[in-house]
Amino acid sequence: NAGVMQNPRHLVRRRGQEARLRCSPMKGHSHVYWYRQLPEEGLKFMVYLQKENIIDESGMPKERFSAEFPKEGPSILRIQQVVRGDSAAYFCASSPRDGGSEAFFGQGTRLTVV
Amino acid sequence: AQSVTQPDIHITVSEGASLELRCNYSYGATPYLFWYVQSPGQGLQLLLKYFSGDTLVQGIKGFEAEFKRSQSSFNLRKPSVHWSDAAEYFCAVGPTGGGNKLTFGTGTQLKVEL
């Protein structure tokens, strides 16, 4: 059973471009969580999704950021018109349910905005 | 709102010495508590978790942690550190009843001297 797969591992974008980060959860996991880790900081929750539904997006910036988890395919975190402050490591975690179970983390996507 | 404090940003220990990493949390009810380890350029690996029951929790790689409600602490310990333990350690709290919307501390960077 493969772990949580994130791609790309590293992504470089120029200011103003779009960044698309992908997360394939572990087999059998229908709950996905996105976190952002800024330099020298811990992980900050961004959004929690189940298949085709956004459950909690309280940590998402109000503009330029969106997330989806379609019925088929990976979860996508999209950042439009990236700025230097978006440079960070973005981690995805998945779990089979939301309560009483461990969330497994991917290796992250390191986004650099130049 | 829940919060996690890891008061030590950096800790250096000699190989073979004992280790204790501090974690204090703020949460209105009984929390779910976690310790994760992150090696450079890698994702997070769960070391151990506390949901309920015995307040001394055993984890992987010889780590243990003790939940002390009176002190709002969940300190991580290891009796004898190995050079391969050098990494960043994160304490996290989750909502009562489970759920993987975690609040992380800012991490403690562990350096092991040979």
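Residues that are more than 10 Å from every other protein chain (Cβ to nearest Cβ): which strands (runs of 3 or more DSSP E) entirely in region A:63-111 hold 3 or more of them?
So the answer is A:65-68, A:75-79.
Restricting the search to region A:1-16, which residues are farther than 17 Å from A:Phe105 by Cβ and either open to solvent by less than 80 Å² (accessible area, probe 1.4 Å) or hydroxyl-bearing (Ser, Thr, Tyr) (or both)?
Within region A:1-16, A:Leu11, A:Arg13, A:Gly16 meet the criteria.
In region A:5-36, which residues are more than 11 Å from the chain's Cα centre (by Cα), within 11 Å of chain B (Cβ to nearest Cβ) and more than 19 Å from A:Lys51 (Cβ to Cβ)?
Residues satisfying the conditions are A:Arg9, A:His10.
Could you identify the single residue in B:Leu21, B:Leu46 that is free of Cβ contacts under 8 Å to residues at least 60 places away in the same chain, surrounded by 16 or more Cβ atoms within 10 Å (Cβ to Cβ) and within 26 Å of A:Cys92 (Cα to Cα)?
B:Leu46
For region A:18-54, how many residues are in contact with a strand residue (DSSP E or B) (Cβ under 6 Å, 6 or more places away or on another chain) and free of Cβ contacts under 8 Å to residues at least 12 places away in the same chain?
Adding up the residues that qualify gives 1.
Suppose we keep only residues that are farther than 20 Å from A:Gln37 by Cβ and acidic (Asp, Glu) within region A:55-73. Which one would you say is surrounded by the most Cβ atoms within 10 Å (Cβ to Cβ)?
A:Glu68
Could we say that B:Phe51 is within 14 Å of chain A (Cβ to nearest Cβ), farther than 26 Å from A:Ala88 by Cα and either open to solvent by 50 Å² or more (accessible area, probe 1.4 Å) or touching a Gly at 6+ places or on another chain (Cβ under 9 Å) (or both) here?
For B:Phe51, the condition - within 14 Å of chain A (Cβ to nearest Cβ), farther than 26 Å from A:Ala88 by Cα and either open to solvent by 50 Å² or more (accessible area, probe 1.4 Å) or touching a Gly at 6+ places or on another chain (Cβ under 9 Å) (or both) - is met.
Would a scan of region B:93-113 turn up a residue that is closer than 25 Å to A:Ser95 by Cβ, in contact with a helix residue (DSSP H, G or I) (Cβ under 8 Å, 6 or more places away or on another chain), open to solvent by less than 50 Å² (accessible area, probe 1.4 Å) and within 14 Å of chain A (Cβ to nearest Cβ)?
No, that holds for no residue.
When the residues of region A:37-50 are narrowed to those that are open to solvent by less than 10 Å² (accessible area, probe 1.4 Å) and assigned to a strand (DSSP E or B), which ends up farthest from the other protein chains (Cβ to nearest Cβ)?
The extreme case among them is A:Leu49.
Tell me which residues, restricted to region A:20-36, are of a type in the set (A, V, I, L, M) and surrounded by fewer than 22 Cβ atoms within 10 Å (Cβ to Cβ).
Hit for region A:20-36 is A:Met26, nothing else.
Is at least one residue of region B:53-72 within 22 Å of A:Lys44 (Cβ to Cβ) and under 12 Å from the mean Cα position of the chain (by Cα)?
Among the residues of region B:53-72, not one is within 22 Å of A:Lys44 (Cβ to Cβ) and under 12 Å from the mean Cα position of the chain (by Cα), which makes the answer no.
Quick check on this structure: which one of B:Lys78, B:Lys61 is on the phi > 0 side of the Ramachandran plot, touching a helix residue (DSSP H, G or I) at 6+ places or on another chain (Cβ under 9 Å) and more than 14 Å from chain A (Cβ to nearest Cβ)?
Residue meeting the stated conditions: B:Lys61.
The values are calculated or read from the model by the stated rules, or taken from the named source; none is laboratory data. None of these values were measured; they are calculated from a predicted model. Please note: Cβ atoms are built from the backbone with ideal geometry, for glycine as well, and neighbour counts cover all protein chains shown. Side chains included, ligands, DNA and RNA excluded: accessible areas come from the protein's heavy atoms. Shrake-Rupley method; radii C 1.70, N 1.55, O 1.52, S 1.80 Å.
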